[in-house]
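Below is one structure, written out as structure tokens; the observations come after it.
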Amino acid sequence: MKNTLSILTVPAFDDNYLWIIHDGIHAAVVDPGDANPILAALQAHQLKLSAILLTHHHADHIGGVPALLAHRQVPVFGPSNDNIAAVTQKLQQDQQITVPDLGLELQVIEVPGHTRGHIAYYAAEQHWLFCGDTLFAGGCGRLFEGTPSQMLASLDKLAALPGDTAVYCAHEYTMSNLRFAREVEPDNQLLLERIRVEQDKRDHGIPTVPTRIMLERQTNPFLRVRESSVQTSLVAAGKISADKDDASNFGALREWKNNFR
């Protein structure tokens, strides 16, 4: 009989979320950029660390790994192609892993774009997605190492997951993302309602994450780049001279967001 699994939200830095998956006894941590809040949460909930799951190599996602390993030696799962020295279990597209002690089965999804080797973890039974900095609530990650074509393909993979999938991304960027989304699709009524709901959460100090895949399909411009409303806005804003191929439109949209204030 499996114990019920739960997820703890652990804020870190200015706007990071670190995730602890646990069964009340054992725990796996996702993208521990800072060990101190993780160790505090483990102690507060009397949890024993069993594994570390990494999505990509940026310091705010892996910085706490050495201190956690000094606390307890556990396997470190991570991407094969993102040059993370601490990784002991290198993962690739479609690999299936079982998290030690938790019995949590995860599918690996390669999602290059933000970094060259970025991966996400999908729990099919629970409909959970841990996607690092690839898909955000209302947005997506910057293209530091990948191309627009790569990131669009990566987001397409995630958008194809069941609509009720809970998206555990790594940052509280939602209101900034939704302000940009409103600039792109000012007549999207679902988006306008989402802005109201999410702003109310923030006003009360409640995280806007996790989000859901279906909500992202309806309101996230980076998942909607093929919609005529998004293409029309790109042309009207002078970001493209005329409708182009999907990857070019996506690149123009991402560049627009990069410079949006």
**OP:** With just the Cα atoms of segment 7-158, tell me how far they stretch along each of the three principal axes, in Å, largest first.
**Re:** 44, 32, 30
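Under a point-charge model restricted to the Cβ atoms of Lys and Arg (+1) and Asp and Glu (-1), what is the dipole moment magnitude of the chain relative to its Cα centre, in debye to the nearest 20?
Dipole about the Cα centre, nearest 20: 140 debye.
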Subject >> Contour minus Cα-Cα distance for MET175 and ALA67 (0.36 nm per residue) >> reply: 35.6 nm
Subject >> Highest-MSF residue in the chain out of SER228, SER248, SER50 [GNM, Cα springs under 10 Å] >> reply: SER228
Original post:
Once Rh for segment 1-60 is found with the Kirkwood sum over Cα pairs, what is the Stokes-Einstein diffusion coefficient at 10 °C and 1.306 mPa s, in µm²/s?
Top reply: 135
Subject >> Residues TYR121, TYR173, sorted so that the one with the fewest Cβ neighbours within 10 Å comes first >> reply: TYR173, TYR121
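Among DSSP beta bridges lying fully in segment 107-261, give the percent that are antiparallel, nearest 5.
Roughly 75 percent of the beta bridges in segment 107-261 run antiparallel, per DSSP.
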Original post:
Using a Förster distance of 35 Å, how high is the FRET efficiency between ASP14 and ALA86, based on the Cβ-Cβ distance and rounded to 0.05?
Top reply: 0.90
Original post:
Once both labels are modelled 7 Å past Cα along the beta-carbon direction, what's the GLN43-ALA59 spacing in nm?
Top reply: 2.5
Original post:
Relative contact order, percent, of the chain when contacts are C-alpha pairs under 8 Å separated by at least 6 residues?
Top reply: 13
Original post:
Given the convex hull over the Cα atoms of segment 163-261, what projected area results after averaging over all orientations, in nm²?
Top reply: 6.4
Original post:
Taking the alpha-carbon centroid of each part, what is the distance from segment 173-206 to segment 1-58 in angstrom?
Top reply: 28
Subject >> Convex hull volume of the chain per residue (C-alpha atoms, cubic angstrom) >> reply: 119
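Out of all DSSP beta bridges in the chain, what portion is antiparallel? Express it as a percent rounded to 5. Working shown, then result.
Working: 27 of 41 bridges.
Within the chain, antiparallel bridges account for around 65 percent of the total.
Counting other beta carbons within 10 Å of each residue's own, what order do PHE260, PHE130 fall into, fewest first? Before the final figure, lay out the partial values.
Values: PHE260 12, PHE130 25.
Ordered by Cβ neighbours within 10 Å, fewest first: PHE260, PHE130.
How far, in nm, would the chain grow between GLN126 and ARG261 when pulled straight, counting 0.36 nm per residue and subtracting the alpha carbon separation?
Details: separation 135, 0.36 × 135 = 48.60 nm, distance 3.67 nm.
Residue separation times 0.36 nm, minus the Cα-Cα distance, leaves 44.9 nm.
Expressed as a rounded percentage, what relative contact order does segment 84-194 have, with Cα pairs under 8 Å and six or more residues apart? Show your work: numbers first, answer last.
Details: 173 pairs, mean separation 23.5, N = 111.
Reported as a whole number, the value is 21 percent.
Given R₀ = 41 Å, what would the calculated FRET efficiency be for GLN93 paired with ASP203, taking r from the Cβ atoms and rounding to 0.05? The partial results should precede the final answer.
Numbers: r = 40 Å, r/R0 = 0.98.
Plugging the Cβ-Cβ distance into 1/(1 + (r/R0)^6) gives 0.55.
Give, rounded to the nearest 20 debye, the magnitude of the charge dipole that segment 100-172 has about its Cα centre when Lys and Arg contribute +1 at Cβ and Asp and Glu contribute -1 at Cβ.
It works out to roughly 300 debye.
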Subject >> Sum of -39500 (n - 2.57) over DSSP H runs of 4+, divided by residues of the chain (222 nm, nearest 500) >> reply: -10000 deg cm²/dmol
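Every number here is computed from the coordinates shown, using simple stated rules; none is lab data. Please read all numbers here as calculations on a predicted model, not as lab measurements. In this analysis, Cβ positions are derived from the backbone assuming ideal geometry, glycine residues included, and neighbour counts consider all displayed protein chains.
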